[in-house]
Structures are given as structure tokens and as C-alpha cells.
1. Please pick out the residue among Ala99, Ala49 that is out of contact with any Leu (no Cβ under 9 Å at 6 or more places or on another chain) and either acidic (Asp, Glu) or in contact (Cβ under 8 Å) with a residue 24 or more places away in the chain (or both).
2. Of the conditions (1) crowded, with 21+ Cβ neighbours inside 10 Å; (2) at pLDDT below 90, Arg135 clears all except one; give me its number.
3. In the range 119-128, is there at least one residue being part of a helix (DSSP H, G or I), more than 15 Å from Val5 (Cβ to Cβ), in contact (Cβ under 8 Å) with a residue 40 or more places away in the chain and open to solvent by 20 Å² or more (accessible area, probe 1.4 Å)?
4. Name the single residue that is nearest to Arg87 (Cα to Cα) among those in the range 209-234 being surrounded by 14 or more Cβ atoms within 10 Å (Cβ to Cβ) and of a type in the set (Asp, Glu).
5. Select from the range 52-96 the residues that are free of Cβ contacts under 8 Å to residues at least 40 places away in the same chain and of a type in the set (S, T, N, Q) and write down the one among them that is surrounded by the fewest Cβ atoms within 10 Å (Cβ to Cβ).
6. Need the failing condition index for Leu20 against (1) open to solvent by less than 30 Å² (accessible area, probe 1.4 Å); (2) modelled with pLDDT of 90 or more; (3) in contact with a Lys or Arg (Cβ under 8 Å, 6 or more places away or on another chain); (4) hydrophobic (A, V, I, L, M, F, W, C), just the number.
7. Every residue in the range 235-247 that is touching a strand residue (DSSP E or B) at 6+ places or on another chain (Cβ under 7 Å) and surrounded by fewer than 23 Cβ atoms within 10 Å (Cβ to Cβ), please.
8. Take the range 152-187 and flag every residue that is part of a helix (DSSP H, G or I), open to solvent by less than 60 Å² (accessible area, probe 1.4 Å) and either in contact (Cβ under 8 Å) with a residue 12 or more places away in the chain or in contact with a helix residue (DSSP H, G or I) (Cβ under 7 Å, 6 or more places away or on another chain) (or both).
Amino acid sequence: MIVWVNGAFGAGKSSTARELVDLIPNSTLYDPEVTGGGLRGLLPAKRLAEVEDYQDLPIWRRLVVDTAAALLAELGGVLVVPMTLLRQEYRDEIFGGLAARRIDVRHVLLAPEETILRQRIDGRSEYGDPEVDARVRVWCHGHLAPYRDALGWLTEDAYTLDTSALTAAEAARAVADAVSAGRAAPCGIVQTPEPTGQTVAAGVLLFDDRDRFLLVDPTYKPGWEFPGGVVETGEPPARAGMREVAEEIGHELDAVPRLLLVDWERPQPPGYGGLRLLFDGGTLGPADTERLHLPGAELRDWRFVTEEEAADLLPPVRYRRLRWALRARERGTVLNLEAGNPVG
């Protein structure tokens, strides 16, 4: 289990986390800032200069998941992680990666009133160098606006604790009590276990009366996706697509969908690649669309989009697959692709 202590820069996450490991039996402190510091010594300066924050580096988000999982495998027990996460897509990616490893995350938000938070930021002087401490205070104040913008989804997702009148020790006791009593419940992000070899996945294109197609926004990974998922052992791919459509958006297909294309996705570590099939699920009428509903733990949103609009939502490999699937639908044929390009 992981207790992820979130909050604005200056909210007291690290000091609370240090107190927390003394209150939760068999717990270990893991600060992802250590991982970020390590990247400064590993990545070329040119790559580091391309981002403002190491959280923007995909390798950092991947290493946080891998390091947390490795620590739990080595030590067991509970991992206490003090780290500010203000971008929902980064939260989705990291918590989804942990969920894929069957690791529960208890997400806790330390949320003092902003006036108190500003006072605490102004009082920070932990580095012993006046210039460094001044830069840190400016950094913290500069991130209060993004923190306010993120409060909407943060307060819905995390167990929120007002620490305006609490010391770090008192906040830690309140967090430990909330975890023990189940008030800080496991985060609802769900993801199937990471594959250990190549997989077969089935996606389904569903259209509206304007010939737009439906995309869904998963909570556990960046980018939009077609309704669908991994084909289970012994399951026909088309039936897997039908099952996933029913599970993800609550729509029961009344006929087996027609195959549009088969695409071989090349292995790209940490992924193993495999076969990706896209099916034509037909047109949804207005009544069908009104009945669509999402499982809150897996999908955040859905929408009908055009081919042009999908270019800004889908990762490049999925967009290439989509374009060829639409061409196959127009021509009434089935296409065989390798890494997004037709062959044969």
C-alpha cells in the first residue's frame, strides 16, 4: 500500500510524511524528488532544458512507479510518498501504473487555508542559503495558482485534510487515523495488470448520425482511446470488443461488429506490443447516446469527434490506426497493418 501525501508546495508534505512513518507500522519514506535529482545526473543537459519541471519528463513518471513498486517488493509494508501532483493526467499515469501492479494508493491532500499556506511559505528557510531559500519561496508562491486550479479534481479524488491549525505531528496523526479507519480509501483508478508478453486488444468504433466516432478518456493513462481492451484468454476478439463496450460505456451491441483492420504494434519498452484489432460497431441513435454512462474508476469522459479533432486527442500510433480503419470502412474492406502501415 502507498499513502501518497499531496498538497501545494509549502503545505508541509515532507515534514508530515516523516512523522507519518513513525505512526504507520512497517512503513518506509520514499521521496520522488530523489528520483528527479538522479535524473539531473543521468540525462543530458539539452534534454533537461526542454522541460520546466522534471515531472514533465515521461522517464520520471515511469521511474516513480518502478521505484515505488521495487521498494514495496523489497521491503513490504507501506510506502509513504510526499509529492505534489497538480496535473491530473500525471496523477492518472502514476496511479494507473501502480494499480497495474496491484498496489493500492491512499491519496491524501494537505490543504491549509491559502493565507496560512502563504505564511508558511514565507517562513521557509531550510536550505541555509538566503539566496536559495528566496528562490524556493518564489517558486512556491508561483505554483499557488496551478494548485488552486487543481483543487476541483484534487478534492474529489483525495481525502482532504485542513491543516491550517495543525502541526506536522498532528497532521500525521490525523492522516494515520484516516488511513486506519478507511476514510482515506484506496484510489479508484483501476487498470489491468501489465502484460508480460505480447497481447491482443480489440477496439470498437461507434458512430453517431453525423458520422463522428466515439472516443473515451481513460483515467489510468494519458491520451484518449477507442472503447475496448485486452482480449482475455480463450475469448474471441470481437466478443471481447463487445464486452468492453458494455463495461466501459454501458452499451450492448446487438450484433458481432465487423472487422476493419488488424495492426501489429511493435514492442517498445516497457510495452510488449502485439495485435490490435479495430471493429465497426455501427451507429448509435440519440436514444442510445442518452443511455451511455461511464464507470468512474476507469473513464473520465467520452465524446464524438471528427477525424481532424482526433488528431489532437489520440497518440500518433492510435491516430494512424484510426485513419486506416476509417478508410477500410469507406471501402468495405479489411486492412492488414504493421506498425500503423498497410502491408500485403
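The values are calculated or read from the model by the stated rules, or taken from the named source; none is laboratory data. The shown structure was predicted, so the numbers you read here are calculated from the model rather than taken from an experiment. All Cβ positions, glycine included, derive from the backbone under ideal geometry; neighbour counts span all protein chains shown. Keep in mind that these areas ignore ligands, DNA and RNA; they rest on the heavy atoms of the full protein, side chains included. Shrake-Rupley method; radii C 1.70, N 1.55, O 1.52, S 1.80 Å.
1. Working: Ala49 fails: either acidic (Asp, Glu) or in contact (Cβ under 8 Å) with a residue 24 or more places away in the chain (or both).
Selected residue: Ala99, the only one of Ala99, Ala49 that is out of contact with any Leu (no Cβ under 9 Å at 6 or more places or on another chain) and either acidic (Asp, Glu) or in contact (Cβ under 8 Å) with a residue 24 or more places away in the chain (or both).
2. Here Arg135 meets the rest and fails (1).
3. yes
4. Asp217
5. Among them, the one singled out is Thr67.
6. (3)
7. Narrowing the range 235-247 to residues touching a strand residue (DSSP E or B) at 6+ places or on another chain (Cβ under 7 Å): 237-238, 240-241, 244-245.
Within the range 235-247, Pro237, Ala238, Ala240, Glu244 qualify.
8. Trp153, Leu154, Asp157, Ala168, Ala169, Ala171, Ala172, Ala174, Val175, Ala176, Ala178, Val179
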